[in-house]
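Here, each number is a calculation from the coordinates, and none is a lab measurement. Everything numeric in this text was worked out from a predicted model, so none of it was measured. Note that we place each Cβ from the backbone using ideal geometry, even for glycine, and neighbour counts take in every protein chain shown.
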């Protein structure tokens, strides 16, 4: 008589590399408290499958075809809030990390992680907590310390005009100048002017810095 596998953490794998999925599946299936309930090779397929299967944890790659892992995460979080998305990627860039957090990801782990780190990350997000790969956490802490000791003035935001405050979160959300122009019924040139003024007033030098500033100020919605 074959003993029935105890119900545990139901994990869904979303990665466009079959070999990677199979390898992770073997690792997860080897744990007594976990089981793989489904797989997908592109972002759109992952969203549809997660809506149907409603797993506990979704391991989501960033570089997915058809629909990016970030966009797929946003759709999954909106449609199946009980499914916790754990980003599993080779990318260790801060801007991707922030976009993943903004999309509602509950964790971020690099593919260079050890087996124990990956399994620990799955259990952490399943428990309702947030997991960030140590290297990424260190970067966030360093960024915070630099900002604090660099004298990020508490009244910088007050320098922005009402219109600039309207444009700021749209820029941080990744909208193009054309998209913002259409939404606000102005020209793309006007949006570019707003962008330059915002950057100057806040002493920011890239859209990544602008995104991090908007997140710190609570100007963008963070899904838990």
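Computed quantities for the displayed model
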read-out: Compactness relative to 2.2 N^0.38 Å, alpha carbon Rg of region 152-216; value: 1.03
read-out: Neighbour-count ranking [beta-carbon atoms within 10 angstrom, fewest first] of 176, 190, 114, 73; value: 114, 176, 190, 73
read-out: Region 166-224 versus region 51-126: alpha-carbon centroid distance in Å; value: 25
read-out: Residue order, fewest to most surrounding Cβ atoms within 10 angstrom, among 160, 132, 53; value: 53, 160, 132
read-out: Computed lengthening from residue 190 to residue 203, 0.36 nm per intervening residue step minus Cα-Cα distance; value: 2.7 nm
